[in-house]
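Dropping the structure in here first, questions after.
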Amino acid sequence: MNSENPETGLDFLRAIIDGRRPQPPISATLGFELVGAEPGLAIFEGETGEHLYNPMGSVHGGYLATLLDSALGSAVCTLLPGGSGYTTAQLNVNLVRPAFAHTGKLRATGRTIHVGRTIATAEAQLIGVADGKLYAHATTTCAIFGPR
């Protein structure tokens, strides 16, 4: 989002989902996408695979954290007025089970807890689409900034 564009954060994210705006570049790099946005809620989905493995032979925790961070920040974004932006100031991730190539699609659902003038907080869960299991959960604090 930028200060020259009056669309709200929710409008901005819905334009990505509808294909009127491109998915962020990191989506192509890591193979995930924004699939849902409502006020105070954002959903990302990503496919696991061996290309995401760490040296221990499971999906790298950084991939799980990135899915969660994306859902958290985008949930905050859904409640921002036009011309505002955000950045992650703090991210806390709890990895509760390993993911593997055969795990398949993971869904990160972020929900806002509080969105104020300068600070926002949100929480998210990362669930296996096929098995319904919780793989990780997270919280964030985001700094909110206005038009530059």
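Consider only pairs whose beta carbons are under 6 Å apart and that are at least six residues apart or on different chains; among these, list those whose first residue lies in the range 47-76 and is under 15 Å from residue 99 (Cβ atoms) and whose second residue is of a type outside the set (A, V, I, L, M, F, W, C) and open to solvent by less than 20 Å² (accessible area, probe 1.4 Å).
If the second residue must be of a type outside the set (A, V, I, L, M, F, W, C) and open to solvent by less than 20 Å² (accessible area, probe 1.4 Å), the pairs left are 48/103; 52/63; 59/48; 67/46.
Counting just the residues of the range 98-118 that are surrounded by 14 or more Cβ atoms within 10 Å (Cβ to Cβ) and farther than 16 Å from residue 35 by Cβ, which one comes out nearest to the chain's Cα centre (by Cα)?
Ranking the qualifying residues of the range 98-118, first place goes to 112.
Here's another thing I want to ask about it. Select from the range 1-41 the residues that are assigned to a loop (DSSP other than H, G, I, E, B) and touching a strand residue (DSSP E or B) at 6+ places or on another chain (Cβ under 6 Å) and write down the one among them that is most open to solvent (accessible area, probe 1.4 Å). Full working, then the answer.
Applying the first criterion (assigned to a loop (DSSP other than H, G, I, E, B)) to the range 1-41 yields 1-8, 18-24, 31, 39-40.
Still in the list and also touching a strand residue (DSSP E or B) at 6+ places or on another chain (Cβ under 6 Å): 1, 23, 31, 40.
Numbers: 1: 75, 23: 54, 31: 41, 40: 11 Å².
In this case the residue turns out to be 1.
Does residue 44 qualify as being assigned to a helix (DSSP H, G or I) and either in contact with a Ser or Thr (Cβ under 6 Å, 6 or more places away or on another chain) or more than 20 Å from residue 107 (Cα to Cα) (or both)?
No.
On to the next question. Considering the range 127-148 alone, what residues qualify as being in contact with a Ser or Thr (Cβ under 8 Å, 6 or more places away or on another chain) and within 20 Å of residue 58 (Cβ to Cβ)?
At the first step, the residues of the range 127-148 found to be in contact with a Ser or Thr (Cβ under 8 Å, 6 or more places away or on another chain) are 127-128, 130-131, 135, 139-148.
Selection gives 127, 128, 130, 131, 135.
Oh, and also: Is it the case, given these coordinates, that residue 65 is buried (at least 16 other Cβ atoms within 10 Å of the Cβ), part of a strand (DSSP E or B) and of a type in the set (Gly, Ala, Ser)?
On the way: buried (at least 16 other Cβ atoms within 10 Å of the Cβ): yes; part of a strand (DSSP E or B): no; of a type in the set (Gly, Ala, Ser): yes.
In short, no.
The values are calculated or read from the model by the stated rules, or taken from the named source; none is laboratory data. Please read all numbers here as calculations on a predicted model, not as lab measurements. Glycine also receives a Cβ, built like all others from the backbone with ideal geometry; neighbour counts cover every protein chain displayed. Note: areas computed on protein heavy atoms with side chains; ligands, DNA, RNA excluded. Shrake-Rupley method; radii C 1.70, N 1.55, O 1.52, S 1.80 Å.
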